[in-house]
Amino acid sequence: MKKFQLIAIIISSLGILIACGPKTTTDTSAKGLSKKYCENCHGNEIKELGLSKDEILKVIKNGDKGMEANILKGEDAEKVAEYLSK
Ligand code: HEC
């Protein structure tokens with residue numbers, strides 16, 4: 001095998017390692033939070049409902065049938081509600 005091919009393989013596997021690394025566990029962006037706290041039950045459905053930020057925030061605070069209240073609080077709840085609203 002030519003040397004440069006080996007180097008190319010090493011570089012591309014490093015890229016994959018970085019892309020799939022532990023980054024996701026510390027993702028506190030709205031997208032990351034929603035993935036961690038909402039998508040396991042809802043998938044993409046909430047965005048598609050086209051609710052307003054306030055409506056979503058109310059559900060996060062009060063819960064719904066089968067959904068616990070206060071899964072997220074304060075700033076995090078706000079961020080996610082904003083992200084998932086229309
Ligand atoms: C343990 C599973 C679970 C998790 C986690 C969860 N939900 Fe829910 N959620 C439900 C269930 C069950 C309902 C009631 C479903 C229904 O009425 O169709 C619901 C209802 C809702 C509704 C009202 C939807 C409607 O049809 O009126 C919203 C908005 C919502 N959830 C947002 C969120 C957000 C935002 C998060 C993350 C912070 C979240 N949910 C996390 C289970 C969950």
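Quick notes on this structure:
- Stretching the chain fully between Lys53 and Lys36 yields a gain of 4.2 nm (0.36 nm per residue, less the alpha carbon separation).
- With the highest mean first, a sort of the peptides 76-82, 49-55 on other beta-carbon atoms found within 10 angstrom per residue produces 76-82, 49-55.
- Candidate cross-link partners of Lys58 among the lysines, defined by an alpha-carbon separation under 17 Å and a same-chain spacing of 8 or more, comprise Lys47, Lys73, Lys79, Lys86.
- Intensity falloff of region 26-84 expressed as log10 I(q)/I(0), Debye formula with alpha-carbon point scatterers, at q = 0.12, 0.16, 0.22, 0.30 Å⁻¹: -0.23, -0.41, -0.82, -1.59
Taken together, the values in this text are just the output of simple stated rules run on the coordinates, not laboratory data. Computed from a prediction, not measured in an experiment: that's the story for all the values here. Note: ideal-geometry Cβ built from the backbone for every residue, glycine included; neighbour counts use all protein chains shown.
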